[in-house]
Amino acid sequence: MIQQRVYLDNAATTPLDRAVIEAMLPMMEKNFGNPSSIHAHGREVRNAIERARKTVAGLLNTSPAEIFFTSGGTEADNTAIACSIEEYGIKHAVTSSLEHHAVLHTLEHLQKIGKIKLSLVNVDEKGHIDLNHLEELLKTNPNTLVSLMHGNNEIGNLLDMEKVGELCKEYGATFHSDTVQTMGHYKHDLQKLNIDFIVGAGHKFHGPKGAGFLYINADKKIHPFIHGGSQERNMRGGTENVYGIIGLAKALEIAYNDMDAHRKHIESVKSYMIEKLKTSFDDIQFNGDSDNLEKSLYTVLNVSFPPSEEADMFLFNLDINKISASGGSACTSGSNIGSHVLGGIGADPNRPSVRFSFSKYNTIEEIDYVIEKLNQILKVEA
Ligand SMILES: Cc1ncc(COP(=O)(O)O)c(C=O)c1O
């Protein structure tokens, strides 16, 4: 019997791990110095930040000099895109219509103010990137920025980063990938990947909100996005979010240490839900490739329910039945515009679509509860 609410919106944000809270507490209770101060109070906090940077760099198999802490994924994406375009005189960028707005709106803005010409690479009906088209775009446009996300936050599709990295290398393009949804869930080995910028946001892997980071390949030096003090080795002005940085590093460490076990567990929860949905309901569709465990994030399942006159009520009905899930991306919830990702793959707008996204804390019992409630909701609607 489920007593509490069921939380299936982990692609929007995840609950803090208890060990992360424990790691952050001393920074709140006693280590309050400003890391830029040269006295002992400042130095101990500076050392803690540098240890956190070393931890993040070690996990990603890169050097601490290539890791820069930011306020989250959005700032890291903006920095990589705007500053590489500026630094390298880039006049053409390639992205897809299915990117997060942190990328899409940034590039659209740069096109609007005349900095770049933006090309959208084709996607197939499942939402996968057409790599042949990408190659054509790169062949005809030297000095391009390619920005393609690793794991789609709405439908879960995974990108072949190795392949895109090779293409970018072959045609001399700069490669940025929004890795917000895969950071802490997949291993990124930066010695093997051919990539210039990747990003992370602590709150997507049981760390704190408002803390993220940008990896900048040592060969791709850029100037800051936020000007001010000399923090982050002159790459980002502003007093550091000390608790956030410490918490982020701890969360990433836990995520890496326990990744295989968590993945196995979450995959079993997702597979169970797919099977239950298929056997319990007649007219269910999975958006993108989200029911394909190989080609999609194991944390995301995007489901289209039968067409309904009251599609807008679907999430509300889940909510009053104590289930938190999201329709499309949480980042646009609250606005009345439908999901640009579901629109981009031609999903039926008359069908209510729900993104269920999982974490290590979800259980099979919770999925049984959700299926039971979905049965009730769909019966009332029929
Ligand atoms: C793919 C993707 N990119 C970027 C972001 C933005 O990250 P943040 O909330 O840390 O700014 C999100 C958050 O939803 C995301 O899912």
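The values are calculated or read from the model by the stated rules, or taken from the named source; none is laboratory data. None of these values were measured; they are calculated from a predicted model. A quick note on method: Cβ atoms are made from the backbone with ideal geometry, for glycine too, and the neighbour counts reach across all protein chains shown. To get the accessible areas, we keep the full protein, side chains included, count just its heavy atoms, and leave off ligands, DNA and RNA. Shrake-Rupley method; radii C 1.70, N 1.55, O 1.52, S 1.80 Å.
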Residue in the range 258-274 that is of a type outside the set (Val, Ile, Thr), within 27 Å of Glu44 (Cα to Cα) and part of a loop (DSSP other than H, G, I, E, B) present: no
Out of Ile226, Ile216, Ile246, Ile198, sole residue that is of a type in the set (A, V, I, L, M, F, W, C), more than 21 Å from Thr299 (Cα to Cα) and within 16 Å of the ligand (Cβ to nearest atom): Ile226
Members of the range 256-276 found to be of a type in the set (S, T, N, Q) and either open to solvent by 70 Å² or more (accessible area, probe 1.4 Å) or in contact (Cβ under 8 Å) with a residue 60 or more places away in the chain (or both), listed by number: Asn257, Ser268
Residues of the range 249-287 classified as within 20 Å of Leu301 (Cβ to Cβ) and either of a type outside the set (Gly, Ala, Ser) or in contact with a Lys or Arg (Cβ under 6 Å, 6 or more places away or on another chain) (or both), total: 24
Residue check, Gly207 within 15 Å of the ligand (Cβ to nearest atom) and at pLDDT 95 or above: yes
Test for Thr70: is it open to solvent by 30 Å² or more (accessible area, probe 1.4 Å), in contact with a helix residue (DSSP H, G or I) (Cβ under 6 Å, 6 or more places away or on another chain), under 24 Å from Tyr215 (Cβ atoms) and within 16 Å of the ligand (Cβ to nearest atom): no
Tally, over the range 277-291, of residues that are surrounded by fewer than 17 Cβ atoms within 10 Å (Cβ to Cβ) and in contact (Cβ under 8 Å) with a residue 40 or more places away in the chain: 3
When residues of the range 145-160 are limited to those that are without any contact (Cβ under 8 Å) to a residue 60 or more places away in the chain and more than 14 Å from the ligand (Cβ to nearest atom), the one nearest to Leu214 (Cα to Cα): Val146
Qualifying residue in the range 151-172 (condition: at pLDDT 95 or above, buried (at least 17 other Cβ atoms within 10 Å of the Cβ) and closer than 19 Å to Thr79 by Cα): no
Of all residues making up the range 1-44, the number that are assigned to a loop (DSSP other than H, G, I, E, B) and open to solvent by 50 Å² or more (accessible area, probe 1.4 Å): 12
Any chance Val94 is buried (at least 20 other Cβ atoms within 10 Å of the Cβ), on the phi < 0 side of the Ramachandran plot and more than 16 Å from the ligand (Cβ to nearest atom): yes
Residue match in the range 4-12 (condition: aromatic (Phe, Trp, Tyr), under 25 Å from Gln191 (Cα atoms) and within 16 Å of the ligand (Cβ to nearest atom)): no
Any hit, the range 347-362, residues being closer than 24 Å to Asp282 by Cα, modelled with pLDDT under 90 and among the hydrophobic types (A, V, I, L, M, F, W, C): yes
Every residue from the range 209-223 that is over 15 Å from Ala65 (Cα atoms) and surrounded by fewer than 24 Cβ atoms within 10 Å (Cβ to Cβ): Lys209, Gly210
Residues (open to solvent by less than 40 Å² (accessible area, probe 1.4 Å), of a type outside the set (A, V, I, L, M), closer than 21 Å to His128 by Cα and more than 10 Å from the ligand (Cβ to nearest atom)) located in the range 98-116: none
Members of the range 183-192 that are more than 14 Å from the ligand (Cβ to nearest atom) and crowded, with 21+ Cβ neighbours inside 10 Å: His188
